[in-house]
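For reference, the structure discussed in these notes is given below.
The values are calculated or read from the model by the stated rules, or taken from the named source; none is laboratory data. Just so it is clear, the structure is predicted and the values come from calculations on it, not from any experiment. Glycine also receives a Cβ, built like all others from the backbone with ideal geometry; neighbour counts cover every protein chain displayed. Remember, those area values only see protein heavy atoms, side chains included, never the ligands or the DNA or RNA. Shrake-Rupley method; radii C 1.70, N 1.55, O 1.52, S 1.80 Å.
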Amino acid sequence: MEKNKLNTLPKRNEINPQYTWNLEDLYPSDEACKKDMENLKASLNSLLEYQDKLTSSSDNLFSCLSLYDKFSEIVEKVYVYSHMKLHQDTSNSLYQALSDKAKALSIDFSSASSFIIPEILKASDETLKSYLNENKDLKLYSHLINDLLRQKEHILSKEEELLLAKTSEIGNIPQTVFSMLNDADISFPSIKDENDEEIEVTKGRYIQLMESSNRNIRKAAFKSLYSSYIKQKNTLAAIYNGSVKKDVFYSSVRNFSSALESALFKDNISVEVYDNLINTVHEYLPYMHKYVSLRKKFLELDELHMYDLYVPIIKDMDIKISYEEAKEIVKKGLKPLGEEYIKVVDKAFNNRWIDVYENKGKRSGAYSWGAYGTHPYILLNYQDNINNVFTLAHEIGHAIHSYYSDENQPYVYAQYPIFLAEVASTINESLLMHYLLETTKDNKKRAYLINHFIEQFRGTLFRQTMFAEFEKITHEMVEKGEALTSESLCSIYRDLNIKYYGPDIVVDLEIDYEWARIPHFYNAFYVYKYATGYSAAIALSNKILNNEKDALNNYMTFLKSGGSDYPINILKKAGVDMTNPQPIQKALKLFKNLLEELEKMQ
Ligand SMILES: [Zn+2]
C-alpha cells in the first residue's frame, strides 16, 4: 500500500503553483541567498573586534549587540530559505548542499559570537546598570541585559567556570548513549497483520498500530515494542540514572536548591507554577478515571488494557473536507478573534504563505516557520479530512503569532519562548472545535469531535503532567542520595499509571517500562510546558468566547509581545496567571463538561 501511494504522488513540479508557498518573498533567487551567505562569511570577523573590550564602554556594548542582531537575522534567513527549499523535495541535492552550507555558516556565527555572553556576565552589575542609564540606544537591550544579570548569582569563579565548561561534553553522554540505543541500535520483533502478513514494528509506525481497530494488532504491537526495551532494562535504567545525576550535579554546583528550580530558572518560572500544575491535575483525576471507564464501555470491552487507550472510540467519520472548504471553515471558526486577525488569515491564504499538498520527497508533517522581516510560512501535507482542518487552524495560530510579534518587536525580542509557543495554536484549535460543535447537529459527528477534544486533554494535559511528576520524583530521589534502578523506576511508573488512569484499566506489566523509551526525559523538566501552555490556551479561548471585557485586546497584545518579557508576565498581560491554579482549573472544567456530554451519547 505504502509503495502504491509513493508511485501515485505527484512530483514537485506537477503541483499547481497556487498551492505552493512563494519563497521568492524571502529571496528572489538562490543566487541572492548565496550572495548573502558569502557576504556574511566575509564579515563575521568584524564581531571579533569587540572581543575583550565588549563592556569597556556602553557604545561598544550597543554596537556589538546590534551587529550581532544584524548578522543573526541574515543567518536565520539563509537557514530558513535553504531548508524550506530542501523540504519541498528532500532528495534535491542542490538544496541539500545549500542547506548544509547554511548550517556551517550558523556554526561559524555561533563560534564568532561565543565571547559575548561570558563577557557581559564578567562585567559588574554597577557597570551594566550605569550603561543602561546613560546610553539611550542600549535601552533596547535592557530586558536581555537584566536577564543576564539575573543569572549572575549562579555564575561561579573563572576557574570553576572553566572546569565546568570542560565537563559539558561528559554531561551530554547519557543523552547521546540513549539516542544511539533508541534511534540506531534498538529493533522490534515483527508482528502479523489481519491477513497473516508480517509487519515491521517501528517507532514511527507505533501510534498508527495502536490506533488499529483490530485489537490483536494493537496488542501485538504493544508487546513487540516493550519487549525490546525490557531486554535492555538495566542498561536503560543506568543511562537514565546518569542523566538525572548530571542534572543534580549541575544544579547543586550552581547553588540551586534543586534540579527542578535550576531547570525552571531559565524561563524565570517559580517551582510553584510546576507544583500548581501537578496538584490541580490531581484534583481532576477522578474525571480521567471516569473517561477510562467510558472508553471501556464505548469499546465494549470486558477489560481495558493499556493498548486500548489510543484506538478512536468513534470510528473515523470519513468526512471529506477539501482544502478550499477547510479555509472557509477555519475562517468561520476564528471569527471570535476579530476582523483584524481574519484579515491576516486572508493574507496567508491569498498570498501563497502555505505549501498545501504532498508531493514526492516532501518533508512529512506540518509546521510554521519563517524569518524576521518576511511573513511566516506554513508547510502542510493536506489530506481531505477533519484532522487536517485542525492542523491548518493550529499552524495558522503559530504563523499569525509570529507575524504579529515580528511586526511589533525588534529582532532581539521577536521570537517567542517555548513556554508560550503552543498557546496561539491551541487557541485556534479550541475556537475551531467550539464552532464545529455549535454547528454540528449529527450525534455521531458530535461524539467524534468531542472525543477528539478529550483525547487532546488526555495527551497534552494529563499525560504530560504525569511525565512532569515522574521527573520530579526521580530527581528528588537522586537529590536524597537514593539510586534509580530498573525496579525503582518501574515501581514509580506503575504507581503513576494507577493514579492517573484509575481502577478501570488493566495496568499491563509492559507499561511499567514506559520511562525507558521517552526521549524527552533526557531534557528534564521540559514537557510540563505543553501542559501549562495548553491550560493557558483553553482558559484564554474561554475568555474570548465569553466576550469577557478586554479579553480580545489582551490576547492581541499577547500575540504582539514575542519574547519581550518573561513568559509568565506576558501571559499575565494576556489575562492568565499561571502562578495560580485558576487557568488549569478552568481548562479541566471544560474537560469535565465534555466528558459529561460524551457520557450522554453512549
Ligand atoms: Zn504547534
Exercise. Restrict the check to the stretch 368-381 and report whether at least one residue is farther than 26 Å from ILE418 by Cβ, outside any loop (DSSP other than H, G, I, E, B) and open to solvent by less than 20 Å² (accessible area, probe 1.4 Å).
Key: no
Quiz item: For SER82, are the conditions met, namely being polar (S, T, N, Q), modelled with pLDDT of 95 or more and either open to solvent by 40 Å² or more (accessible area, probe 1.4 Å) or touching a Leu at 6+ places or on another chain (Cβ under 6 Å) (or both)?
Solution: yes
Quiz prompt | Per-region count, the stretch 464-479, residues without any contact (Cβ under 8 Å) to a residue 60 or more places away in the chain and either open to solvent by 40 Å² or more (accessible area, probe 1.4 Å) or in contact with a Ser or Thr (Cβ under 6 Å, 6 or more places away or on another chain) (or both) | solution = 1
Quiz item: Can you tell me which residues in the stretch 54-89 are closer than 16 Å to ILE116 by Cβ, among the aliphatic types (A, V, I, L, M) and in a helix (DSSP H, G or I)?
Solution: LEU61, LEU65, LEU67, VAL75
Practice problem: Output the qualifying pairs, or none if there are none: Cβ atoms under 8 angstrom, residues six or more apart or on different chains, first residue in the stretch 1-24 and over 23 Å from ILE378 (Cβ atoms), second residue modelled with pLDDT of 90 or more and not in a helix (DSSP H, G or I). | Solution: LEU6/LYS360
Quiz item: Taking only pairs six or more apart or across chains, which ones have beta-carbon atoms under 9 Å, a first residue in the stretch 573-590 that is under 14 Å from GLN456 (Cα atoms) and touching a residue at least 24 places away in the same chain (Cβ under 8 Å), and a second residue that is open to solvent by 50 Å² or more (accessible area, probe 1.4 Å) and not in a loop (DSSP other than H, G, I, E, B)?
Solution: LEU588/GLU283; LEU588/TYR287
Quiz item: Considering the stretch 427-450 alone, what residues qualify as being within 16 Å of the ligand (Cβ to nearest atom) and over 19 Å from LEU595 (Cβ atoms)?
Solution: ILE427, ASN428, LEU431, LEU432
Quiz item: Has the stretch 346-356 got any residue that is part of a helix (DSSP H, G or I) and either in the same structural domain as ALA414 (by TED's automatic domain parsing) or of a type in the set (A, V, I, L, M, F, W, C) (or both)?
Solution: yes
Quiz item: Only one of (1) away from the ligand (no atom under 11 Å from the Cβ); (2) under 15 Å from the mean Cα position of the chain (by Cα) is not met by ASN408, so which one is it?
Solution: (2)
Quiz item: What is the number of the single condition among (1) open to solvent by 40 Å² or more (accessible area, probe 1.4 Å); (2) within 15 Å of the ligand (Cβ to nearest atom); (3) modelled with pLDDT of 95 or more that HIS401 does not meet?
Solution: (1)
Quiz item: So which pairs qualify, if the first residue must be in the stretch 404-423 and part of a helix (DSSP H, G or I), the second must be among the basic types (Lys, Arg) and away from the ligand (no atom under 16 Å from the Cβ), the Cβ gap must be under 8 Å, and the two must be at least 6 apart or on different chains?
Solution: TYR404/LYS560; SER405/LYS560; GLU407/LYS560; ASN408/LYS560
Quiz item: Got at least one residue in the stretch 504-519 being in a loop (DSSP other than H, G, I, E, B), over 28 Å from the mean Cα position of the chain (by Cα) and not β-branched (Val, Ile, Thr)?
Solution: yes
Exercise. Kindly indicate whether any position in the stretch 315-333 is within 16 Å of the ligand (Cβ to nearest atom), at negative phi and in contact (Cβ under 8 Å) with a residue 40 or more places away in the chain.
Key: yes
Quiz item: Could we say that ALA414 is at pLDDT 95 or above and away from the ligand (no atom under 16 Å from the Cβ) here?
Solution: yes
Quiz item: Would it be correct to say that TYR526 is assigned to a helix (DSSP H, G or I) and touching a helix residue (DSSP H, G or I) at 6+ places or on another chain (Cβ under 7 Å)?
Solution: no
Practice problem: Go through GLU161, GLU169 for me and flag whichever is assigned to a helix (DSSP H, G or I) and either at pLDDT 95 or above or exposed (fewer than 13 other Cβ atoms within 10 Å of the Cβ) (or both). | Solution: GLU169
Self-check item: Residues satisfying the stated conditions in the stretch 229-244, i.e. open to solvent by less than 10 Å² (accessible area, probe 1.4 Å), within 12 Å of ASN182 (Cα to Cα) and not aromatic (Phe, Trp, Tyr)
Solution: LEU236
Quiz item: What residue, among those in the stretch 9-46 that are closer than 19 Å to TYR95 by Cα and among the hydroxyl-bearing types (Ser, Thr, Tyr), is most open to solvent (accessible area, probe 1.4 Å)?
Solution: SER29
Quiz item: Going through the stretch 369-398 one residue at a time, which ones are among the polar types (S, T, N, Q) and within 11 Å of the ligand (Cβ to nearest atom)?
Solution: THR391
Exercise. Kindly indicate which of GLU119, GLU159 is without any contact (Cβ under 8 Å) to a residue 60 or more places away in the chain, out of contact with any His (no Cβ under 7 Å at 6 or more places or on another chain), more than 30 Å from TYR357 (Cβ to Cβ) and acidic (Asp, Glu).
Key: GLU159
